Each structure stands twice: as C-alpha cells, then as structure tokens.
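Enquirer: Let me begin by handing over the structure; questions about it come next.
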Amino acid sequence: PAITNHMPTAELQRLDAAHHMHPFTHGNGLSAKGARVITRADGVWLNDSEGARILDAMAGLWCVNIGYGRHELAEAAERQMRELPYYNTFFQTTHVPAIALAARLAELAPGDLNHVFYAGSGSEANDTNIRIVRQYWAEKGKPSKRKIISRKNAYHGSTMGGASLGGMAGMHAQGGLPIPDIHYIDQPNWWAEGGEMTPEAFGLERARQLEAMINELGEENVAAFIAEPVQGAGGVIVAPDSYWPEVQRICDKYEILFIADEVICGFGRTGRWFGSETLGLRPDIMTIAKGLSSGYQPIGGSLLSDEVAAVISGHEFNHGYTYSGHPVACAVALENLRILDEEKIVERVAEDTGPYLREKWEALADHPLVGEAKIVGMMASLALTPDKSARAAFASSAGTVGFVCRDRCFANNLIMRHVGDRMIISPPLVISRDEIDILIERAWKSLDQCL
Ligand code: PLP
C-alpha cells in the first residue's frame, strides 16, 4: 500500500525504524513507541499522526521564522518550478531569482555586506567561508594566514568543515575531526564557567582569550575568527555585556577577518534583522541560512563585504555547489523576506511579543529547578540547577535532568530542546501572546513534573 498520512502510525514507525537513519540520534534513542510522526503544521502548531497538537517552541530547527502553512511560499515555489525549475550560475549565466535575492540581501544586511555567495545550507556556507578567508589572504600575498579561531561549544554545522569550525567535543570525537588549523577559545558561559567572577569581568576575560590566542598563534598565521552572536545549539549562551565590544575591539586591532555565523540569529530572531545589529558587531563575512527561507526550502549563503568580495573576485574561485543559488529556493526566500518585512514581524519581536515573552520567561527563574533564565528576542534558555545560589550543576551524568524535562515537555505537547541541563526555545517569530501563555504554562507544568 502507498505510504501516506493515513497509514496506521505503528506501521509508519516500523518502516521508519527499519529504513531511516535519524540525524543526531542513537538508534535506541527513539522511544520504544517509535518516532512521533508529524503530519502537518500551521502557525506555531504541529499535528502528529495520532491527532495531537504540539506547540513547536523550536520553530523546527530554529528556522521556521514566519511560521508554518504560508501558502504564498508554496505559490512562489510553484511559479518558479513552472518557469525555470533549475539553472546554475557557474559559467557566465544567471537568473532572476538569484539576482533579486542577492540585491535584497544587500539592502537588508548591515554595513557593506553587499555580496552573496550562495550555498544549500549553513554548513555548506561555513565550508565556503573557510575557503574564502584563506583564499582572501593568499590573494593579498599572505598565504600563511590560514588558521581560524573559533569557540568551544560553538555550532557551525555538520560537514567536515562546519563541524571542525564548531567546538562540540562529541562531534570532534567521531570521524577524524577537526580538520587542521582550527583553534578554540572558551565560550562566554558565565553561569557554568564564571566561578567567582562578576559577569562583566568574566566577559572581558573570555574576550581577551581571543587576543591571547592571536598572539600565541602569531597574527601572521591567523585568517579569521568565527562566532555566533548568541550561541544557539550550545544552549542559547548569551554573553555578558562586556564581551562583544571587547571582541570587536580585538578584531579591529589585528589583521583578521571576523565571520558572524548568523544562521540562527539572522532574519529577526534577536529582534533586529541580524544578531550583529543587536550586539553591535561589524563582521566582514556573515553566514546565513535557516530563517532566510523560514526553512521552506534549503538555502544558505555567505554575505561578503565589498573588500572581501573584491579580493576573492580577483581570480577564479574554484568553488561552488550544484544548488548554489537554486532558483526555487531563491524565489521562496524572497517571498519569505517580503512577508517578514511587510508584516513587520521583526518589529513585532522587538516591540511587542519579544518583551512579552521576556517578562514571562524571566519569571521562570522563580521555579526551584531554574537558575538563570536568559533571552534575546525570540531565543531563550533556562539553566537547570539543584542549587541556585551556588550555580551548581547536577551531579548525575550530564544532561539527565534536561533530558527528562525535554521528555516531559514532549509528553505535554510542547517542543522544547535540552542541551545538557539547559532548556532552550526558539519559537516561530509569529507566535502570539496567547500562544506564549500556553508555552509558558506547559513549560511550568513540565518543570514541576521534574521535581
Ligand atoms: N551555524 C549555526 C549557528 C547553526 O545553528 C547551524 C545549524 O543549526 C549551522 C551553522 C548549520 O546549518 P545547516 O544545518 O543548515 O547546515
């Protein structure tokens, strides 16, 4: 029989377990019942095959910024598929969706990030960035500048390049990672690592590790520093206020490129179009993906400053993906950007629903299990702790309480993720006040069930 939404759930789960390898999942990590089958979605709500309505407080994987079910994007895809379903821009050709999206991105991006090199995902775009920054310095007659500085517990993707730029120990432990010439400084996670320092002093200390690393490696060997404005997959780590100005000062002082990985923070997540604007950063390169198309089509890219683009354009850059600038993905992304703009969704996050969520989210810090509650725009985290005043970690193996809490949320029809013992959310930016109330109510209930 045809495999459709109408097939019994148990049979769908059996076929899934038999044939489908899930990313970032231990085979036995699927519950005995099997993976939940998501059948359709609208706004912030997912339906599963058993009729449950689940509030998706992760916007898929931090990507469905305009919410599910926007027919305009389906129509944009259909129009484009009928007119020109595919063509590339490699060999002296181009097409309207790639041009229009590039021009729109140049308008939206801060500073002189006026040029886009398209990729199919955030990981691919970060692979591109590794090649761009090294090629940039080679073109400038400084080929020794190859090393890239990143941060422990950063996430920059799952390809060999992306996962090497990332600082996730669990990923580095598999498959021969990281590739050479990537170096890591500590993350600005005051709650877990700040010890007796004030957040401000700790922020400065962590920022100055960048300077120390540049000096240790030799400025003449360092190509770039890469960072997420707010570390997402690492647990929505919001740096102390002292951190970013000091990082920017260091990037300005030394001759290195600054790559802001805006794959999560871009397109309204932090209450401005880009996290770099919220945090006062001036990157030379930005990685974009996810919210660029609200996840309706796979697309990513690297936004380059005038200077970087000019240098890279000096010779043929031997790099590109079959789906770089895919016309259907570009058309869908353009329509997504139109909706974000015309419906003033970013402004709503900044002025209305963002502050509303902040007030409710920060109140969760009153829960006995919650230490800090952090939020920027529409990305937020809770640090779970057995002892708030000592900022203690649970003694049990890392992640156990967070794992239980995540499962309680799931059972209560709320998708909230855990990273170790941090609970994180990143809801669709269109979430309403009423839906925020439901999110918070289910979060409280799930936390209570962990006591
Ligand atoms: N960079 C950041 C900051 C991310 O959060 C992600 C994905 O979560 C990536 C890069 C990788 O993007 P993709 O999964 O589209 O390859």
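The values are calculated or read from the model by the stated rules, or taken from the named source; none is laboratory data. These figures come from a predicted structure and were not determined experimentally. No Cβ is skipped: glycine too gets one built from the backbone with ideal geometry, and neighbour counts run over all protein chains shown.
Enquirer: How about the stretch 223-274: which of its residues are assigned to a strand (DSSP E or B), closer than 25 Å to R338 by Cα and small (G, A, S)?
Expert: A260
Enquirer: Checking the structure you have, find out if any residue of the stretch 196-209 is small (G, A, S), modelled with pLDDT of 95 or more and surrounded by fewer than 22 Cβ atoms within 10 Å (Cβ to Cβ).
Expert: Applying the first criterion (small (G, A, S)) to the stretch 196-209 yields 201, 203, 207.
So of that shortlist, the ones also modelled with pLDDT of 95 or more come out as 201, 203, 207.
With the extra rule that they be surrounded by fewer than 22 Cβ atoms within 10 Å (Cβ to Cβ), the set shrinks to 201.
Scanning the stretch 196-209, I find at least one residue that is small (G, A, S), modelled with pLDDT of 95 or more and surrounded by fewer than 22 Cβ atoms within 10 Å (Cβ to Cβ), so the answer is yes.
Enquirer: Go through (1) in a loop (DSSP other than H, G, I, E, B); (2) surrounded by fewer than 18 Cβ atoms within 10 Å (Cβ to Cβ); (3) of a type outside the set (S, T, N, Q) one by one and return the number of the condition A393 breaks.
Expert: Every listed condition holds for A393 apart from (2).
Enquirer: Another one. So which residues in the stretch 286-334 are closer than 30 Å to R249 by Cβ, more than 13 Å from the ligand (Cβ to nearest atom) and either outside any loop (DSSP other than H, G, I, E, B) or in contact (Cβ under 8 Å) with a residue 60 or more places away in the chain (or both), if there are any at all? Before you say what the answer is, go through the steps one by one.
Expert: Step one: filter the stretch 286-334 for residues closer than 30 Å to R249 by Cβ, giving 286-292, 300-314.
Okay, now just the ones that are also more than 13 Å from the ligand (Cβ to nearest atom), so 303-314.
Of everything in the stretch 286-334, those that are closer than 30 Å to R249 by Cβ, more than 13 Å from the ligand (Cβ to nearest atom) and either outside any loop (DSSP other than H, G, I, E, B) or in contact (Cβ under 8 Å) with a residue 60 or more places away in the chain (or both) turn out to be L303, L304, S305, D306, E307, V308, A309, A310, V311, I312, G314.
Enquirer: In the stretch 38-49, is there at least one residue being modelled with pLDDT of 95 or more, surrounded by fewer than 13 Cβ atoms within 10 Å (Cβ to Cβ) and touching a Phe, Trp or Tyr at 6+ places or on another chain (Cβ under 7 Å)? Talk me through it step by step, then tell me what you get.
Expert: We begin by selecting, within the stretch 38-49, every residue modelled with pLDDT of 95 or more; these are 38-49.
When the remaining residues are screened for being surrounded by fewer than 13 Cβ atoms within 10 Å (Cβ to Cβ), the result is 40, 42.
The next check asks that each one be touching a Phe, Trp or Tyr at 6+ places or on another chain (Cβ under 7 Å); those that pass are 42.
The answer is yes; a qualifying residue exists.
Enquirer: Please give the number of the condition I256 fails out of (1) under 30 Å from S389 (Cβ atoms); (2) touching a strand residue (DSSP E or B) at 6+ places or on another chain (Cβ under 8 Å); (3) of a type in the set (V, I, T).
Expert: If we test I256 against (1) under 30 Å from S389 (Cβ atoms); (2) touching a strand residue (DSSP E or B) at 6+ places or on another chain (Cβ under 8 Å); (3) of a type in the set (V, I, T), just (1) comes out false.
Enquirer: Moving to a separate point now. Pull out all pairs, ordered by first then second residue, where Cβ-Cβ is under 7 Å, the residues are six or more apart or on different chains, the first lies in the stretch 153-182 and is modelled with pLDDT of 95 or more, and the second is away from the ligand (no atom under 12 Å from the Cβ) and hydroxyl-bearing (S, T, Y).
Expert: G167/Y184; L177/S164; P178/S164; I179/S164; I182/S164
Enquirer: Anything in the stretch 419-447 that is free of Cβ contacts under 8 Å to residues at least 40 places away in the same chain and under 23 Å from E359 (Cβ atoms)? List them, or say none. Quick ask: steps written out before the conclusion?
Expert: Filtering the stretch 419-447 for residues free of Cβ contacts under 8 Å to residues at least 40 places away in the same chain gives 421, 434, 441, 445.
If the condition is that a residue be free of Cβ contacts under 8 Å to residues at least 40 places away in the same chain and under 23 Å from E359 (Cβ atoms), then D434, E441, K445 are the ones that fit.
Enquirer: I need a count of the residues in the stretch 57-106 that are in a helix (DSSP H, G or I) and farther than 12 Å from L334 by Cβ. Quick ask: steps written out before the conclusion?
Expert: Here is the first cut: in the stretch 57-106, the ones in a helix (DSSP H, G or I) are 59-62, 71-83, 96-106.
Add one more test, that the residue is farther than 12 Å from L334 by Cβ, and what stays is 59-62, 71, 74-75, 78, 81-83, 106.
The number of residues fulfilling the criteria is 12.
Enquirer: I've got another one for you. Do we find that E107 is among the acidic types (D, E) and surrounded by fewer than 18 Cβ atoms within 10 Å (Cβ to Cβ) in this structure?
Expert: Details: among the acidic types (D, E): yes; surrounded by fewer than 18 Cβ atoms within 10 Å (Cβ to Cβ): yes.
Yes; evaluated as a whole, the condition is true for this residue.
Enquirer: I've got another one for you. May I ask you to list the residues in the stretch 142-179 that are within 14 Å of the ligand (Cβ to nearest atom) and assigned to a loop (DSSP other than H, G, I, E, B)?
Expert: N153, A154, Y155, H156, G157, S158, T159, G166, G167, M168
Enquirer: Only residues that are over 15 Å from I285 (Cβ atoms) and within 15 Å of the ligand (Cβ to nearest atom): list them for the stretch 219-247, please.
Expert: V230, Q231, G232, A233, G234, G235, V236, I237, V238, A239
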